[in-house]
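Read through the structure below, which is laid out as structure tokens, and then see the notes.
The values are calculated or read from the model by the stated rules, or taken from the named source; none is laboratory data. Computed from a predicted structure; not experimentally measured. Note: ideal-geometry Cβ built from the backbone for every residue, glycine included; neighbour counts use all protein chains shown.
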């Protein structure tokens, strides 16, 4: 099956997806055009697709951890059928400064690979997903997109999805990580987490981002310092209860930005 994608006429802030060819429509704004790209069936039986976002010049959208002033993207796949799981493969984001606040995202556009795990690999996946994201320039505009339709098994590899998959952050072990340790101490409304990474310098202006598996826990911006071969970052973690809580160190995701386009990531740390 040869991949094709073309936009439908403008409707009410929805993205409509059908299979072969995949069709999509554009929200009623010149700021954003959105299309779902049909992909291929992987050897695992999973289906690879992607969401293509084309932004007006000067506009940007946000990474999964948007930073101090960004809008976090949200995906709700609950209405889908024959869908056991979804893995989003985020390409390396950029760092933006907005009125002195640091944010992370993508300018002009984004191809976001989406790996779909079917319950039955021989049957179509019937998608029903609601997507919320923010697009910003001097102002931020919330966008609500709806994905619906069938993704059929099979398909051909699509070069732009391949390029997006190749633009993932480096794994920390490949970048020379020899140890990753975390310590936590209670604060009035949560926990203070300190990470210590034995890692060669990633770039001239290192910034660390800490994420937890639980999206309801607020994570502050980090204070990142380098002491020779050790990179240390401290962040405050505040749950909805605003009380100290237990932290699963294996669920901690750490991303290091070098300030030169280089991005390194790791999952989990030792006590």
Which of the residues belonging to region 228-238 are over 25 Å from the mean Cα position of the chain (by Cα) and in contact (Cβ under 8 Å) with a residue 24 or more places away in the chain?
229, 230
Scanning for something surrounded by 14 or more Cβ atoms within 10 Å (Cβ to Cβ) and assigned to a loop (DSSP other than H, G, I, E, B), does region 178-185 turn up at least one residue?
no
Would you point out which residue out of 212, 199 is more than 28 Å from residue 50 (Cα to Cα) and modelled with pLDDT of 95 or more?
199
Here are 217, 225, 263, 238: which of them is within 22 Å of residue 106 (Cα to Cα) and either touching a strand residue (DSSP E or B) at 6+ places or on another chain (Cβ under 8 Å) or modelled with pLDDT under 95 (or both)?
263
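One line per residue, one yes/no per condition, for (1) surrounded by 19 or more Cβ atoms within 10 Å (Cβ to Cβ); (2) touching a residue at least 40 places away in the same chain (Cβ under 8 Å):
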position: 172; (1), (2): yes, yes
position: 197; (1), (2): yes, yes
position: 240; (1), (2): no, no
position: 245; (1), (2): no, yes
Is there a residue being over 20 Å from residue 34 (Cβ atoms), loosely packed, with under 15 Cβ neighbours inside 10 Å and either out of contact with any helix residue (DSSP H, G or I) (no Cβ under 9 Å at 6 or more places or on another chain) or in the same structural domain as residue 251 (by TED's automatic domain parsing) (or both) anywhere in region 202-210?
yes
Answer with yes or no whether residue 166 is at pLDDT 95 or above and either in the same structural domain as residue 67 (by TED's automatic domain parsing) or on the phi < 0 side of the Ramachandran plot (or both).
yes
Can you pull out the residues in region 161-170 that are farther than 23 Å from residue 197 by Cβ and surrounded by 14 or more Cβ atoms within 10 Å (Cβ to Cβ)?
161, 162, 164, 165
When both residues are 6+ apart or on different chains and their Cβ atoms are under 8 Å apart, which pairs have a first residue that lies in region 66-77 and is surrounded by fewer than 16 Cβ atoms within 10 Å (Cβ to Cβ), and a second that is in a loop (DSSP other than H, G, I, E, B)?
68/221; 72/215
